[in-house]
Amino acid sequence: MKIEKFEMERMQSTWENVVEMDMSESGIRPVSLRELAEMGLDLDTLMNMPLSYSQSNGTVPLRESLAELYPGATPDHIEVTNGTSEANYLLALALLRHGDEVALQVPNYMQFWGVPRSLSAKINTFHLSIDDDWEPNWDEFDGAVNERTRLVYVSNPNNPTGSILSQQAMSRIIERCERVGAYLLADEVYLGAEIHCERTRSFWGMSDRVIVTSGLSKAYGIPGVRIGWIVGPRDVVTECWTQHDYLTIGPNKISDAVARVAVKAENREKLYARTREILRHNLPIMREWVDGFGGFLTFRETRAGALCLMRYNSATPSLDLCERIRNNQSVLIVPGVHLGLEGFLRIWLGGKPEFLTEGLRRIAIELTTELRKSTAAIQHA
């Protein structure tokens, strides 16, 4: 199969270790092994552990712990993967065939734009609207989810908006999936990264057509161990395990051990609280910065996650604007076009306050220039 370039990931891979300030990130600043040791990770045991293969679908203790997060699930409903991205990839390989249709919520992390297309599936999109507080466009949704739809993909909480679907919206999505016989793939990797609101409700348990993916990268703040998981019907999970055997086989032993510590109830809540504290401290910094542009930026505040998506009032393409920021200020941010929504910028919220403040100062230099150009163009029109 031929797969198209994943534009955002290639941009990040090319530049994130070259620029002075990488603000294209989407997770919280990472936890250290020392912090995990304080939560019970036995570093001496790890030092003496033979680096053999681990259980390819995740060790039984890890899958048992994960099953406890999803009422009604058993270890047989769980597949442990190398990050949430691999979980989503395995599901595409397991479920999609030539001629199938996929309904994709946008804006989004656009992995599920490229992978289904490489499998000869057709993509139908439905948009979230900033002017409707990031609610789905239901007319688009009903058109995108039809009798030919095999899979509906949503991220909730959403990357890149940080929005959370209402209970009414979740129910409406489930009802439509059941009506047409489609699976719902809910990427819930930001669940637990809520800033001021209550914990996001999982789609798990709302229908037997629901499949959930998640992982340690975002709300937990442990991206480097590359642990994700699938929770779904047993037959789907079994097929994903078959696909896994042909790819990476399974996660490594050290990562599995770290994950077993991280997902314990008391540690999970500590990690979620750490994430919440960082974001609660940083969000006012972002809010004040946006307000300083006097309406040039439109921002619906992030409810969950270390990312901020904002619309800018200019005709300049987002990729051009981001490249100018990178070239002139050595700051990397994500253009909206890489997220399925032109005219927007995604900026990281999860760094240290001094890093965030300096990065925003540099970005502001270029946005101020853009604002002046935009104002001049309007005056000459």
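Looking at the structure I just gave you, is Arg300 in contact with a Ser or Thr (Cβ under 8 Å, 6 or more places away or on another chain), touching a residue at least 40 places away in the same chain (Cβ under 8 Å) and either of a type outside the set (Asp, Glu) or farther than 30 Å from His196 by Cβ (or both)? Step through it out loud before you land on a result.
Details: in contact with a Ser or Thr (Cβ under 8 Å, 6 or more places away or on another chain): yes; touching a residue at least 40 places away in the same chain (Cβ under 8 Å): yes; either of a type outside the set (Asp, Glu) or farther than 30 Å from His196 by Cβ (or both): yes.
When the stated conditions are applied, Arg300 passes them.
Within region 258-289, how many residues turn out to be touching a helix residue (DSSP H, G or I) at 6+ places or on another chain (Cβ under 9 Å), part of a helix (DSSP H, G or I) and open to solvent by less than 10 Å² (accessible area, probe 1.4 Å)?
The number of residues fulfilling the criteria is 7.
With respect to the numbered conditions (1) aromatic (Phe, Trp, Tyr); (2) within 25 Å of Gly27 (Cβ to Cβ); (3) open to solvent by 10 Å² or more (accessible area, probe 1.4 Å), which one is the sole condition not fulfilled by Tyr153?
Exception for Tyr153: condition (3).
If Thr248 passes every condition in (1) within 28 Å of Ser32 (Cα to Cα); (2) in contact with a helix residue (DSSP H, G or I) (Cβ under 8 Å, 6 or more places away or on another chain); (3) free of Cβ contacts under 8 Å to residues at least 40 places away in the same chain but one, which one does it miss?
Exception for Thr248: condition (3).
When you scan region 49-57, do you find a residue that is touching a Ser or Thr at 6+ places or on another chain (Cβ under 7 Å), assigned to a loop (DSSP other than H, G, I, E, B) and either within 28 Å of His244 (Cβ to Cβ) or open to solvent by 40 Å² or more (accessible area, probe 1.4 Å) (or both), even just one?
Taking region 49-57 as the starting set, the residues that turn out to be touching a Ser or Thr at 6+ places or on another chain (Cβ under 7 Å) are none.
Within region 49-57 (the criterion being touching a Ser or Thr at 6+ places or on another chain (Cβ under 7 Å), assigned to a loop (DSSP other than H, G, I, E, B) and either within 28 Å of His244 (Cβ to Cβ) or open to solvent by 40 Å² or more (accessible area, probe 1.4 Å) (or both)), the answer is no, since none of the residues qualifies.
So that you can scan it fast, the table gives a plain yes or no per residue for (1) at pLDDT 95 or above; (2) in a helix (DSSP H, G or I); (3) closer than 29 Å to Leu360 by Cβ:
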site	(1), (2), (3)
Met8	yes, yes, yes
Gly27	yes, no, yes
Val80	yes, no, no
Asn88	yes, yes, no
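Please identify the pairs in which a residue from region 93-120 that is more than 25 Å from Ser26 (Cα to Cα) has its Cβ atom under 7 Å from the Cβ atom of a residue that is open to solvent by 30 Å² or more (accessible area, probe 1.4 Å) and among the aliphatic types (A, V, I, L, M), counting only partners at least 6 apart or on another chain.
Leu96/Leu119; Ser118/Met1; Ser118/Ile3; Leu119/Met1
Hydrophobic (A, V, I, L, M, F, W, C) and in a strand (DSSP E or B): does that describe Ala169? Even if it seems obvious, please write down each step before you answer.
Numbers: hydrophobic (A, V, I, L, M, F, W, C): yes; in a strand (DSSP E or B): no.
Against the criterion (hydrophobic (A, V, I, L, M, F, W, C) and in a strand (DSSP E or B)), Ala169 does not qualify.
The values are calculated or read from the model by the stated rules, or taken from the named source; none is laboratory data. Model, not experiment: these values are computed from the prediction. No Cβ is skipped: glycine too gets one built from the backbone with ideal geometry, and neighbour counts run over all protein chains shown. Ligands, DNA and RNA are excluded from the accessible area calculation, which covers all protein heavy atoms including side chains. Shrake-Rupley method; radii C 1.70, N 1.55, O 1.52, S 1.80 Å.
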